[in-house]
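The values are calculated or read from the model by the stated rules, or taken from the named source; none is laboratory data. What you see is a predicted model; the values in this text were computed from it and never measured. All Cβ positions, glycine included, derive from the backbone under ideal geometry; neighbour counts span all protein chains shown. Accessible surface areas use protein heavy atoms only, side chains included; no ligands, DNA or RNA. Shrake-Rupley method; radii C 1.70, N 1.55, O 1.52, S 1.80 Å.
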Amino acid sequence: MDQIVEKPDTLIGAAFPKPDAPDKVVGKTTYINDMVLPRMLVAKIKRTDRVHAKILSVDISEAEKVPGIVAIATAENSPKGLIGVLKDNPPLKGDKVRCIRDEIAGVAGETEEAVNRALELIKVEYEDLPTVFDPEEALKEGAPLIHEDKPGNIGLTFDFEHGDVKKAEAESDVVLEEKYELHYVTHTCMGPGCVIADFDTHGKLTIYTQTQYPYNYKMDLAPALDIPAGDIRVIQPPTGGAFGSKLDVYPFEPIAVYLAKIARRPVKLFFSREEEFIASPTRQPARVYIKQGAKKDGTITFRDVQVYLNNGGYTSWGATIPAVMMRTMTGHFRIPNVEFHSVAPYTNNPFAGSFRGYGNVQATYVTATLMDKMAEELGMDPIEFRLKNAQEPGERTPQNSLLKNAALADCIKISAEKTDFLKKHAEYTEARKTPGRIRQGIGIATSVHNAGGAKIHKSDGCGTILTMDDYGRATVITGASEIGQGIDAVITQLVSEELGIPPSDVLIANDDSAIGPWDVGVHASRTTFIAGNSARNAAVKAKQQILAAAARQSNVSADKLELRGGHVVQKDNGVSVTKLDRLIRAMHFAGEDAELVMVSEYYEPPSELEDKNHVGDISAAYAHGAYITELEVDTLTGGVKLHKITAVQDVGKVINKLGIEGQMEGGIAQGIGYGLSEELIIEEGIVKNPNFRDYKVVTAPEMPEIECHFIEDDEETGPFGAKGISELPCIIPGASIANAVYNAIGVRFDNPPITPEKIVRALHGGKAEAAE
Amino acid sequence: MNTVENYIAPGSIEEAAAALAAGPVTIVAGGTDLMLQTGSGAIAYAKTLMNVRRIAEMQGVSIDGDTIRIGALTTITELKSDAIIAEHLPVVAEMADKFASDQIRNASTIGGNICNASPAGDGIVPLMMYGADVVLASAKGNRNVALSEFFTGPGKTVKADNELLVAIEIAKPAAGFKGGFGKFGPRPALEIAMASVALGGVVKDGVISNVSVAFGAVGPTPMMGAKTTALLEGKTLNEETISAAGEAASEEVTPIDDVRASAWYRRHLIRVMTEEILNDVG
C-alpha cells in the first residue's frame, strides 16, 4: 500500500519560536558570565581616574602582596601591539592616558575580593596634561595633542561630492541651514563585558568571548598578543546582547590574555555594570551642519553636509559611521547635488564603537526632521513633500546604490493611510492655537538601509557546512553567529523547508571558530540575507544529492521527486518512495559507492566595494521604512506619553513572524530611548550617569502599541525573497518622535534626547537661569 | 571594601539594641539601598551585619487611640494595601503606588527608606506631611524624634550609631483631612523623583485649614514647606490662592542642579505639582 505524505504547511513566514528561548526563560542558559573553567582565575582592570595625563609611575608592589593575587599585567610586562580600527590603542597604557576608560593594569587572582583589594593598592603617579573635549575645539591650532603621531588631532575623514551644490543653492527657492547635536548613548547589554582566556601547553589560545565577528576577530586580536592569528580559537558561549558593541577588539580582551599567559591558568575578566557604562563603546555622537534647498514646487535641489564626530581618545568603529551615514544623507530621497564631509578629531572623551543602525540613526534624525521643516517652509504637507522626492524603483543614488524595487513611496502612503496622518496632523497643528495642557502629536520619519549585506570587507560572504546523519537529521555548521538576534531560528526554518524535515531535526552549530567556516560577522542587517542564502544553498545541494540517490534507487527521475515530511516522495502525488533516514543509511552503507550527505557552500552576495570616492553598489538590496509615531505632551511637566508607533517596512519576505516582530519591537524600544530618554552624560570626559537609575532605558510601561506592516516584495536575491530588516526599527523612531513632538507643541529639538526638561524650557522659557 | 565577619539576626528590639551597644553594626532590612551602596563602595560594611527582619515588634501597622504606629519593617507593598493606612493616611498609600517597582516595593521597608535619608526618599515626604515621629530604640530606652527634624543632610540623620529606628508614629489626621502626593520622573515606574510634593489640609466651605506641606528632592533633605503652609492656612482655595501657593512652594525649596534635573526645572515641577494637588483637594 502506497504511503501518501501530505505537503506540510510552509515554515516560511511562520511564527517559529527561537530554539534558544526556552532555556533562557527558565534560567538554564550558561552565559559566558556564568562560565567557570577548572583552575580559573578572576580578573579586573585598574583604570585611570584622569582624562589626559602623562603616566609617571605605576607601582604594583603592594598589590602583588595581597594573598590570592596570581598575576598583574602592566604596559611594562605585556606585549606592545596595538588594537583598534586605526591601531592607535595600546591595551595597557604605559606613557599616557587619553580618556577616562584607560587601562593601567590587569589583575588576576583566586577571588574577586582579593582582586578588588589589589586594585586599590596599585599606585599611579600622573602629570596632568591640557584637555580638549569638543571636536571643533580639538581641530583648532594650539589644541592639546591627543596622539603625538596624529597632528591636528585628525582621525578619519570622509568626503563625497556629486553634482554642483553651489549652483544648486543659487537656483533654489528655499534653503534651510541647520545645526544638530547628536548625543552619546550606549548599548546597555544585559550581559556586561566578559572574556575568558586559556592557553594550552603548546601556547595556543582558546578565547571564550562575546564577539559578534569571530573570524576577523582573530586577525584584530593577534597583533596585540604577539601570537599568530591562526593560533587563536574563538568560542562564543551564549551572550547577553551585543547590538554592535562586540564588533571590535577592546582592551579588556588582550588584557585577559596577558594575564592567562603570565598565570598559566585560565583567566576570566569581567565588567561591573558601572564599568559596562563607562568602558564599553558608545554610539558615535555627531555634530551635523546641514543645508538643504528646494524649488517652490517641492523638488529638492541639494544637500550640503559637514559632520564633526567626537572621536574620543582612540579609534574604533564609531569614527567610521560616515560610511553608512553618508548613504542616507546623500541618497535618501532624490538629491541631485550633494556634498558630504566629515572629520573625527581626537579628544579626551571616551570613544564610540558600532551600534545597531550605525551612522544611520544619526543621519535619519537629521534628515527626517529636516524634511519636515522644509515641507512646512514650502507650505506643503509632510506626506506630499516626501512623495514628491521619493525615488522610483530602479533609480540609483549618487553613491550608486541601486534601488531595484524601492518601496519608499509605498511605505509613506501606507503608513499615512493606516494612521489617518494628514487629518490628525492638521487637526493637532490647529489645536496648538487654543489653550490646553495636554497636546496630541503625530509625526512621520523614513529611512533607507542596506538589506542585502554590506560589502565593507573584500568578502561579504558566509560559509555553511551541512551534514546529515544516519537518522535523517541535519547539522548545519554556519559561520553566522547567534547573539540573540534569532539567526538559529531562521536557518532552521530555511533548512527544514528545503529538506522536508521537521525543524526539531535541524541542529545549528556556530560557536567555535575551529569548526565553523568564515563569515564577516553579525552587522549591517546582513545575517538573514547572507547566512540565510548560504544555508539555503547548502540545503539545496544536499537535497540534490539525496534526490539523485533516491532516483537511482527508485527509477523515478530526480526532477519528479521531492523531500517532504521525512520522506522522498513523488512530486505529483505525494507517494513515498522511501523514508529519508533509510535512504541516507542506504547511501552511507553502499560498499564501494558509499557516500555521506555532507555539503559545503560559500555564499558571496552580488555587491561591490565602494571606490575611493565612496561610489559603489555595496549591497545586494536596500530596504525602506516609514514609521509614524502618535503621542501626547504634557506641556506643564514636559512628560511625553507615546500612544502608538505604526511601522511600515519593506522586508522582502517574512521568514520568521515571531522573530521579525521581536526585532522590530526591540529595535523600536532602542529607537525610542534614543529620541526621548537615553543619554550617556559625559562632562569633561567623565561619565556622569553610569547606572540604570540615571541612564534611562525605556521600560515596559512606556512602550506604546506597535503596529507592524510588512511590505513583501520578494527580493530576487534573498533567501525565499527575504531582506535584512534589523536596523531600521532602531533607526527611524527617534526622528518620528521628534516630528510628532513638533506637531504637538510647535517646538523643534535638534539635540535629542527630547527630555521633559528640554520641553519645559522651550515652552516656559527659563533659558537665562538654566545651568547647562 | 570591608568584609563582614559576623552575621546576627536578633529576634527582639532588646537583643538588637544590645548588639548595637556592643559595637559597630551594619543594619540590614530590605537591603534595596544597602546592597547597591555597599556594592558601589559608597558605604562600607561594619564587621557585624545585623538582619533585623526577624523582629516581630517592628512589623505591621496598628492603631492605638489617636496614634497610628507603622512598624519600621512594614514593606512599601504592605503600605500600599493596608486598611488602616488606606483609611487614615491615604497619601502614604498613594506614595506607595508610585514607589519604584513591584519587586522593590516587596523588599523595601519604610524604616529603611527613612534611614537611607535620601533627599528624594519617596516614603519620607508624605509621612513628614502627616507630622510623623520616628521611634528610636537603644539599650538606654526609646526616644521619639519628629521626622521633620530627623534629617541633617543627604544620607545623614540624628539617629546615633547605637540606635535602631523601630517604628513611625503619627497622630490621626483631623476629620476631613485630604491630601495628595505628586512625584515626577520621566518614567512611570522604576524612577527616582526629580521632585516630589505631599500636601494636605481640611477644606471646609472652600477654606483650607490644618495645612501641611512637605517636599522631596529639592534640598539636602526632604523638607517641610513652612511658607507655603502659612500662605495657605485659612485661605479660600481659589485660583488665585492656588497660584500663589505654587509660587511660594517653588520659591521656598532649595534644589540643586544635578545629572537628573536643573534647579530651575525642579522649582517648576514643585509649582506644577503643588497646584495640581490643591486643585484636586479643593
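Quick one: in the stretch A:1-19, which of the residues that are in contact with a Gly (Cβ under 8 Å, 6 or more places away or on another chain) and not basic (Lys, Arg) is farthest from A:ASP572 (Cα to Cα)?
A:PHE16
Return only the number of the condition from (1) within 14 Å of another protein chain (Cβ to nearest Cβ); (2) out of contact with any helix residue (DSSP H, G or I) (no Cβ under 8 Å at 6 or more places or on another chain) that A:LEU121 does not satisfy.
(2)
Tally the residues that are at pLDDT 95 or above, of a type in the set (D, E, K, R) and open to solvent by 60 Å² or more (accessible area, probe 1.4 Å), restricting the search to the stretch A:81-125.
The qualifying residues number 8.
Out of the stretch A:404-462, which residues are of a type in the set (Asp, Glu) and surrounded by fewer than 17 Cβ atoms within 10 Å (Cβ to Cβ)?
A:GLU417, A:ASP420, A:GLU427, A:GLU430
Do you know which residues across the stretch A:478-514 are within 15 Å of A:GLY13 (Cβ to Cβ) and open to solvent by 20 Å² or more (accessible area, probe 1.4 Å)?
The answer is A:GLU497, A:PRO503.
Applying the selection to the stretch A:289-328, what residues are assigned to a helix (DSSP H, G or I) and touching a Pro at 6+ places or on another chain (Cβ under 8 Å)?
A:TRP317, A:GLY318 - these are the residues of the stretch A:289-328 that are assigned to a helix (DSSP H, G or I) and touching a Pro at 6+ places or on another chain (Cβ under 8 Å).
Just checking, how many residues over the stretch A:643-693 are under 19 Å from the mean Cα position of the chain (by Cα) and under 21 Å from B:GLY185 (Cβ atoms)?
Residues flagged as under 19 Å from the mean Cα position of the chain (by Cα) and under 21 Å from B:GLY185 (Cβ atoms) within the stretch A:643-693 amount to 9.
Could you tell me whether any residue of the stretch A:352-364 is farther than 17 Å from A:LEU408 by Cβ and surrounded by fewer than 24 Cβ atoms within 10 Å (Cβ to Cβ)?
So far as the stretch A:352-364 goes, no, none of its residues is farther than 17 Å from A:LEU408 by Cβ and surrounded by fewer than 24 Cβ atoms within 10 Å (Cβ to Cβ).
When you go through A:PRO130, A:PRO79 one by one, which is the residue that is away from every other protein chain (no Cβ under 14 Å), in contact (Cβ under 8 Å) with a residue 60 or more places away in the chain, in contact with a helix residue (DSSP H, G or I) (Cβ under 7 Å, 6 or more places away or on another chain) and closer than 24 Å to A:PHE351 by Cα?
Of the residues listed, the single one that is away from every other protein chain (no Cβ under 14 Å), in contact (Cβ under 8 Å) with a residue 60 or more places away in the chain, in contact with a helix residue (DSSP H, G or I) (Cβ under 7 Å, 6 or more places away or on another chain) and closer than 24 Å to A:PHE351 by Cα is A:PRO79.
Out of the stretch A:67-80, which residues are buried (at least 20 other Cβ atoms within 10 Å of the Cβ) and in a loop (DSSP other than H, G, I, E, B)?
A:SER78, the sole residue that qualifies.
Filter the strands (runs of 3 or more DSSP E) completely within the stretch B:6-87 down to those with at least 1 residues that are out of contact with any Phe, Trp or Tyr (no Cβ under 7 Å at 6 or more places or on another chain) and among the small types (Gly, Ala, Ser).
Result: B:61-64, B:67-71.
In the stretch B:264-281, what residues are open to solvent by less than 60 Å² (accessible area, probe 1.4 Å), farther than 17 Å from B:LEU231 by Cβ and more than 7 Å from chain A (Cβ to nearest Cβ)?
Listed by number, the list holds a single entry, B:ARG266.
Among the numbered criteria (1) away from chain B (no Cβ under 14 Å); (2) more than 27 Å from A:ASN337 (Cβ to Cβ); (3) among the aliphatic types (A, V, I, L, M); (4) not in a strand (DSSP E or B), which one does A:ILE196 miss?
Failed condition: (4).
In the stretch B:15-38, is there at least one residue being open to solvent by 80 Å² or more (accessible area, probe 1.4 Å) and of a type in the set (Ser, Thr, Tyr)?
No, that holds for no residue.
Which residue out of A:ARG693, A:ARG748 is within 11 Å of chain B (Cβ to nearest Cβ) and among the basic types (Lys, Arg)?
A:ARG693
Quick one: which residue in A:GLU632, A:GLU608 is surrounded by fewer than 22 Cβ atoms within 10 Å (Cβ to Cβ) and within 14 Å of chain B (Cβ to nearest Cβ)?
A:GLU632
Return the total of residues in the stretch B:191-222 being open to solvent by less than 10 Å² (accessible area, probe 1.4 Å) and of a type in the set (A, V, I, L, M, F, W, C).
Going through the stretch B:191-222 one residue at a time, the tally reaches 10.
Can you spot a residue in the stretch A:387-396 that is under 28 Å from A:GLU161 (Cβ atoms), crowded, with 20+ Cβ neighbours inside 10 Å and modelled with pLDDT under 95?
no
So which of B:THR254, B:THR241, B:THR228 ends up being away from every other protein chain (no Cβ under 13 Å), crowded, with 24+ Cβ neighbours inside 10 Å and among the polar types (S, T, N, Q)?
B:THR228 is the lone residue from the list that is away from every other protein chain (no Cβ under 13 Å), crowded, with 24+ Cβ neighbours inside 10 Å and among the polar types (S, T, N, Q).
Checking A:GLU679 against (1) under 23 Å from A:PRO350 (Cα atoms); (2) more than 14 Å from chain B (Cβ to nearest Cβ): exactly one of these is not met. Which one?
Tallying (1) under 23 Å from A:PRO350 (Cα atoms); (2) more than 14 Å from chain B (Cβ to nearest Cβ), A:GLU679 fails exactly one: (2).
Please work out which one of (1) surrounded by fewer than 24 Cβ atoms within 10 Å (Cβ to Cβ); (2) outside any loop (DSSP other than H, G, I, E, B); (3) within 14 Å of another protein chain (Cβ to nearest Cβ) is the condition A:GLY662 fails and give its number.
Of (1) surrounded by fewer than 24 Cβ atoms within 10 Å (Cβ to Cβ); (2) outside any loop (DSSP other than H, G, I, E, B); (3) within 14 Å of another protein chain (Cβ to nearest Cβ), only one is false for A:GLY662: (3).
Scan the stretch B:96-148 residue by residue and report those that are touching a strand residue (DSSP E or B) at 6+ places or on another chain (Cβ under 8 Å) and part of a strand (DSSP E or B).
The answer is B:THR109, B:ASP133, B:VAL134, B:VAL135, B:LEU136, B:ALA137, B:SER138, B:ASN142, B:ARG143, B:ASN144, B:VAL145, B:ALA146.
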